[in-house]
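**Student:** The structure under discussion is supplied below as structure tokens; questions concerning it will follow.
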Amino acid sequence: MKSAIRPILAALLAAATVGAVAAPAQAAPADKLPVTMTFELVKPVVQVGYGVQVRGTAAAGATGNGGKVDILFKALGEEEFTKNKTLTVKDDGTFTGWDTAGHTTDAGYHEAGAYQRGTYRAVYRGNAERESATAEAELGVFEWRLTDANNPTDLWSWEQTCLPDDAASCSVFSPRITVDNGPISVRYEQNCYPEGATRYMSFAFLKGNSTVKPSPRPQEAYRIPQWVERPAQEGSVYGGTILTGLDLTGRFFVRIPYGCWITVQMSQAHYEKYVYGEIS
């Protein structure tokens, strides 16, 4: 009997051994690839009220990086970041977009654009094969402040009498003048004969080297050449403001009516850039 049992036990032991060897092993999950991330603001310092453009990369290799990146912002002095928007990350890892989240005033109005200096944070969520990653960039916000409105810089002046038989005496081009982004003020004093007639004086600013006499352009007061026309009133008159917010080099043009004597003075106040959070 014992001799009969032994072959059966040996067969069962062999079958169990074969079955144990044949069982498939469980595969270990593959590690996600670490990501190299860059992040920047296209303009690190923007004017108050303007949008902020961001861009960057989150990649591990040339392809396979598609996903989402969250854009957060924390104003200077605050402790917590606030999520403003989510951007799409392309397959090559690049992303870009605008943030115009702005802020809500005490009166309940929402104003788009940048109003506070602070820190932007980009959080790449990763994907099935990529790890997440984070990068930050600093935002500065500035505004223009008028510095010398009561003491502007003289730019150019002209005194002339417009004679009926001499058209050349009735208009003039200034030398080339470079102006910055401050408002240019025009003041003039004139006397015309005969009194009471409806006549107009005109002035403009022409870019570059132009000495071609311009013509009035209705409803184009804020274009170049910028044309302003004023009644030829008696006495000292404030003529208006032209060319605010522009950096240009060119010539002033002035035209006065027949029978008028006139003095014209043009001056410019200046702005300085005030960056939020800095000592002025």
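The values are calculated or read from the model by the stated rules, or taken from the named source; none is laboratory data. The structure displayed is predicted, hence computed values, not measured ones. Note: ideal-geometry Cβ built from the backbone for every residue, glycine included; neighbour counts use all protein chains shown. Note: areas computed on protein heavy atoms with side chains; ligands, DNA, RNA excluded. Shrake-Rupley method; radii C 1.70, N 1.55, O 1.52, S 1.80 Å.
**Student:** Scan the stretch 89-113 residue by residue and report those that are within 29 Å of Ala133 (Cβ to Cβ) and in a strand (DSSP E or B).
**Tutor:** To start, the set of residues in the stretch 89-113 that are within 29 Å of Ala133 (Cβ to Cβ) comprises 89-103, 112-113.
Residues satisfying the conditions are Val89, Thr94, Phe95, Thr96, Gly97, Trp98, Asp99, His103.
**Student:** Residue by residue through the stretch 230-255, note down the ones that are modelled with pLDDT of 80 or more and either open to solvent by 40 Å² or more (accessible area, probe 1.4 Å) or not in a strand (DSSP E or B) (or both).
**Tutor:** Thr249, Arg251, Arg255
**Student:** Something else about it: Of all the residues that make up the stretch 156-183, how many are over 19 Å from Ser267 (Cβ atoms) and of a type in the set (A, V, I, L, M, F, W, C)?
**Tutor:** 5
**Student:** Here is a list of conditions, (1) modelled with pLDDT of 60 or more; (2) outside any strand (DSSP E or B), and Ala221 meets all of them except one; can you say which number that is?
**Tutor:** (1)
**Student:** Thr105 - would you say it is more than 22 Å from the chain's Cα centre (by Cα) and among the hydroxyl-bearing types (Ser, Thr, Tyr)?
**Tutor:** So Thr105 fails the test.
**Student:** Quick check on my filter: what residues within the stretch 70-104 are of a type in the set (S, T, N, Q) and either open to solvent by less than 40 Å² (accessible area, probe 1.4 Å) or modelled with pLDDT of 90 or more (or both)?
**Tutor:** So the first thing to find is which residues in the stretch 70-104 are of a type in the set (S, T, N, Q), and the list is 82, 84, 86, 88, 94, 96, 100, 104.
Once the filter is applied, which keeps residues that are of a type in the set (S, T, N, Q) and either open to solvent by less than 40 Å² (accessible area, probe 1.4 Å) or modelled with pLDDT of 90 or more (or both), the stretch 70-104 yields Thr82, Asn84, Thr86, Thr88, Thr94, Thr96.
**Student:** Also, quick follow-up: Please go through the stretch 38-70 and give me each residue that is among the aliphatic types (A, V, I, L, M) and not in a strand (DSSP E or B), ordered by number.
**Tutor:** Step one: list which residues in the stretch 38-70 are among the aliphatic types (A, V, I, L, M), which gives 41-42, 45-46, 48, 52, 54, 58-60, 62, 69.
Result: Val42, Val48, Ala60, Ala62.
**Student:** Take the stretch 115-135 and flag every residue that is out of contact with any Gly (no Cβ under 7 Å at 6 or more places or on another chain), surrounded by 14 or more Cβ atoms within 10 Å (Cβ to Cβ) and assigned to a loop (DSSP other than H, G, I, E, B).
**Tutor:** Gln116, Glu131
**Student:** Please list, ordered by first then second residue, the pairs with beta carbon atoms under 7 Å, 6 or more apart or interchain, first in the stretch 130-153 and free of Cβ contacts under 8 Å to residues at least 24 places away in the same chain, second outside any loop (DSSP other than H, G, I, E, B) and of a type in the set (Lys, Arg).
**Tutor:** none
**Student:** In the stretch 192-211, what residues are in contact with a Phe, Trp or Tyr (Cβ under 9 Å, 6 or more places away or on another chain), in a loop (DSSP other than H, G, I, E, B) and either open to solvent by 70 Å² or more (accessible area, probe 1.4 Å) or modelled with pLDDT under 75 (or both)?
**Tutor:** Tyr193, Arg199, Thr211
**Student:** Could you list, in sequence order, the residues of the stretch 155-172 that are outside any loop (DSSP other than H, G, I, E, B), more than 22 Å from Arg187 (Cα to Cα) and among the charged types (D, E, K, R)?
**Tutor:** If the condition is that a residue be outside any loop (DSSP other than H, G, I, E, B), more than 22 Å from Arg187 (Cα to Cα) and among the charged types (D, E, K, R), then Asp166 is the only one that fits.
**Student:** From the list Pro7, Pro24, which one is modelled with pLDDT of 55 or more, in a helix (DSSP H, G or I) and not hydroxyl-bearing (Ser, Thr, Tyr)? Even if it seems obvious, please write down each step before you answer.
**Tutor:** Details: Pro24 fails: in a helix (DSSP H, G or I).
So the residue among Pro7, Pro24 that is modelled with pLDDT of 55 or more, in a helix (DSSP H, G or I) and not hydroxyl-bearing (Ser, Thr, Tyr) is Pro7.
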